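Visitor: Structure in structure tokens, see below.
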Amino acid sequence: MSWRLADRTLDLAQPLAAGIVNVTTDSMFEGARSGTPEQAIADGWALAEAGFEMLDVGAVAAKAGPPVPADVEAAALVPAIEGLVEIGVPVTADTFSPAVARRALAAGAGAVNDISGGSDELFELVAEAGCGYVLMHIEGPPRVDREAPDYGDVVEHLLAWFGGRVERARQLGVAEEQIAIDPGLDFDLNTAQNLEILRRLPELRALGLSLYVSLSRKDFIGAVLAGSWEERLPASEREWGTVAAVALAVRGGADVLRIHDRSSLQAMKVAGRVARPLRSPA
């Protein structure tokens with residue numbers, strides 16, 4: 001399996017860790033709030049030095065809230081990307097704004113991580129730029145709270161949803177090797193649905209596309225640990241639940257893990273060597 005970005009093609013024989021860099025002050029985990037582009041660059045360097053093979057950089061929190069103007073988002077995101085690409089690891093721009101994505105790609109980002117489920121305008125930009133693209137499942141506009149729908153078989157729903165969106169992207173010129181799919185854990189999904197998707201990741205992997213899983217410190221992990229959604233543990237107390245989920249996701253076929261912590265990075269590396277043995281020992 002490989003994933004083509006704007007500036008390189010990633011070999012996914014072993015899973016890769018995308019370290020999370022948020023140029024925000026309101027992201028859900030306070031341990032990943034860089035606040036300014038300068039701090040984001042310093043935090044990204046630290047992640048790369050710790051062994052993270054990619055950096056995913058965003059400037060708008062995914063939680064519900066009012067729209068953020070493109071100029072405001074770009075003012076935080078673009079300088080951070082310009083500094084982080086100097087590290088040499090691939091950098092992805094976490095944005096669903098076509099205008100911001102265009103500026104991020106010009107600044108050196110190799111891929112767009114889009115939590116909106118895709119739009120014709122974004123697909124056309126990705127085709128034009130030849131960059132990587134993360135297509136995440138969601139059932140409506142991002143940053144809007146909704147009840148999780150009753151999908152019936154949630155994995156069958158995702159398979160059909162991704163099939164339709166990937167076909168639309170292809171119609172607009174995006175090559176399949178540019179696309180990674182993200183099941184969108186916690187987005188329009190309840191705890192039981194999230195767990196069912198994790199159990200059945202191999203069925204999504206069977207689509208033949210790179211599988212990108214963003215699960216670090218998610219709400220469903222806090223709910224499992226506390227025993228209920230209403231009493232779920234805060235993000236600061238979900239590190240070791242995330243470690244377990246990362247290891248299981250790798251076993252299920254995840255190619256890229258979007259994560260916060262070095263503990264999850266270690267779990268990914270060990271699980272990767274178990275799930276995908278190297279041809280010769282290291």
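Visitor: Could you figure out which of (1) under 17 Å from the mean Cα position of the chain (by Cα); (2) over 26 Å from R143 (Cα atoms); (3) not β-branched (V, I, T) isn't true of G44?
Guide: (2)
Visitor: Sticking with this structure for a sec: From F96, F123, grab the single residue that is surrounded by 21 or more Cβ atoms within 10 Å (Cβ to Cβ), touching a Pro at 6+ places or on another chain (Cβ under 7 Å), without any contact (Cβ under 8 Å) to a residue 60 or more places away in the chain and closer than 21 Å to P183 by Cβ.
Guide: Numbers: F123 fails: touching a Pro at 6+ places or on another chain (Cβ under 7 Å).
Sole residue among the options that is surrounded by 21 or more Cβ atoms within 10 Å (Cβ to Cβ), touching a Pro at 6+ places or on another chain (Cβ under 7 Å), without any contact (Cβ under 8 Å) to a residue 60 or more places away in the chain and closer than 21 Å to P183 by Cβ: F96.
Visitor: Among (1) more than 17 Å from the chain's Cα centre (by Cα); (2) within 21 Å of L10 (Cα to Cα), there is one condition I179 misses while meeting the rest; what is its number?
Guide: Among (1) more than 17 Å from the chain's Cα centre (by Cα); (2) within 21 Å of L10 (Cα to Cα), the lone unmet condition for I179 is (1).
Visitor: Pairs under 6 Å by beta carbon, first residue free of Cβ contacts under 8 Å to residues at least 24 places away in the same chain and under 14 Å from V134 (Cα atoms) in the stretch 102-113, partner crowded, with 20+ Cβ neighbours inside 10 Å and of a type outside the set (S, T, N, Q), six or more apart or different chains?
Guide: Going by the 6 Å Cβ cut-off, the qualifying pairs are V112/A93; V112/A101; V112/Y133.
Visitor: Another question, then. Of the residues V91, V72, which is within 21 Å of L209 (Cα to Cα) and either surrounded by fewer than 16 Cβ atoms within 10 Å (Cβ to Cβ) or at pLDDT 95 or above (or both)? Working first, answer last.
Guide: Numbers: V72 fails: within 21 Å of L209 (Cα to Cα).
Selected residue: V91, the only one of V91, V72 that is within 21 Å of L209 (Cα to Cα) and either surrounded by fewer than 16 Cβ atoms within 10 Å (Cβ to Cβ) or at pLDDT 95 or above (or both).
Visitor: Considering each of A50, A40, A99 in turn, give the residue that is at pLDDT 90 or above and over 16 Å from H260 (Cβ atoms).
Guide: Details: A50 fails: over 16 Å from H260 (Cβ atoms); A40 fails: over 16 Å from H260 (Cβ atoms).
A99 is the lone residue from the list that is at pLDDT 90 or above and over 16 Å from H260 (Cβ atoms).
Visitor: Quick check: anything in the stretch 173-182 farther than 22 Å from D255 by Cα and free of Cβ contacts under 8 Å to residues at least 40 places away in the same chain?
Guide: The initial filter retains those residues of the stretch 173-182 that are farther than 22 Å from D255 by Cα, namely 173.
Next cut, free of Cβ contacts under 8 Å to residues at least 40 places away in the same chain only: none.
No: zero hits.
Visitor: Can you tell me how many residues in the stretch 209-259 are of a type outside the set (D, E) and under 14 Å from the mean Cα position of the chain (by Cα)? Working first, answer last.
Guide: Of all residues in the stretch 209-259, those of a type outside the set (D, E) come to 209-218, 220-229, 232-236, 238, 240-254, 256-259.
Now drop any that are not under 14 Å from the mean Cα position of the chain (by Cα), which leaves 210-218, 246, 249, 254, 256-259.
The number of residues fulfilling the criteria is 16.
Visitor: Here's another thing I want to ask about it. Looking only at the stretch 226-274, which residues are in contact with a Lys or Arg (Cβ under 7 Å, 6 or more places away or on another chain) and surrounded by fewer than 17 Cβ atoms within 10 Å (Cβ to Cβ)?
Guide: The one that is in contact with a Lys or Arg (Cβ under 7 Å, 6 or more places away or on another chain) and surrounded by fewer than 17 Cβ atoms within 10 Å (Cβ to Cβ): A226.
Visitor: On to the next question. Picking from A249, A245, A254, which residue would you name as being farther than 24 Å from R165 by Cβ, in contact with a helix residue (DSSP H, G or I) (Cβ under 9 Å, 6 or more places away or on another chain) and either at pLDDT below 95 or of a type in the set (G, A, S) (or both)? Write out each step before concluding.
Guide: Details: A249 fails: farther than 24 Å from R165 by Cβ; A254 fails: farther than 24 Å from R165 by Cβ.
Just one listed residue meets the conditions, A245.
Visitor: I'd like the full set of residues that are among the aromatic types (F, W, Y) and under 17 Å from the mean Cα position of the chain (by Cα), limited to the stretch 124-152. Give the steps one after another, and end with the answer.
Guide: Within the stretch 124-152, the subset among the aromatic types (F, W, Y) is 133, 151.
Passing the criteria: only Y133.
Visitor: May I ask you to verify whether R103 is surrounded by 16 or more Cβ atoms within 10 Å (Cβ to Cβ), of a type in the set (K, R) and farther than 20 Å from V213 by Cα?
Guide: Details: surrounded by 16 or more Cβ atoms within 10 Å (Cβ to Cβ): yes; of a type in the set (K, R): yes; farther than 20 Å from V213 by Cα: yes.
Taking the combined requirement at face value, the residue satisfies it.
Visitor: Let me ask you something else. Filter the stretch 198-235 for residues that are aromatic (F, W, Y) and without any contact (Cβ under 8 Å) to a residue 60 or more places away in the chain; which is nearest to L159 (Cα to Cα)? Talk me through it step by step, then tell me what you get.
Guide: Looking only at the stretch 198-235, we keep the residues that are aromatic (F, W, Y), and these are 212, 220, 229.
This time we only want the ones that are without any contact (Cβ under 8 Å) to a residue 60 or more places away in the chain, so: 220, 229.
Values: F220: 21, W229: 26 Å.
Residue satisfying both the conditions and the ranking: F220.
Visitor: Now for a different question. Wholly within the stretch 181-282, which helices (runs of 4 or more DSSP H) include no fewer than the required count, namely at least 1 residues that are in contact with a strand residue (DSSP E or B) (Cβ under 7 Å, 6 or more places away or on another chain)?
Guide: Details: elements: 191-199, 201-205, 219-226, 239-251, 262-275.
Where helices (runs of 4 or more DSSP H) fall fully within the stretch 181-282 and carry at least 1 residues being in contact with a strand residue (DSSP E or B) (Cβ under 7 Å, 6 or more places away or on another chain), they are 201-205, 239-251, 262-275.
The values are calculated or read from the model by the stated rules, or taken from the named source; none is laboratory data. The structure presented is a predicted model; accordingly, all values stated were derived computationally and were not measured. Cβ sites come from the backbone with ideal geometry, for glycine too, and all protein chains shown count toward neighbours.
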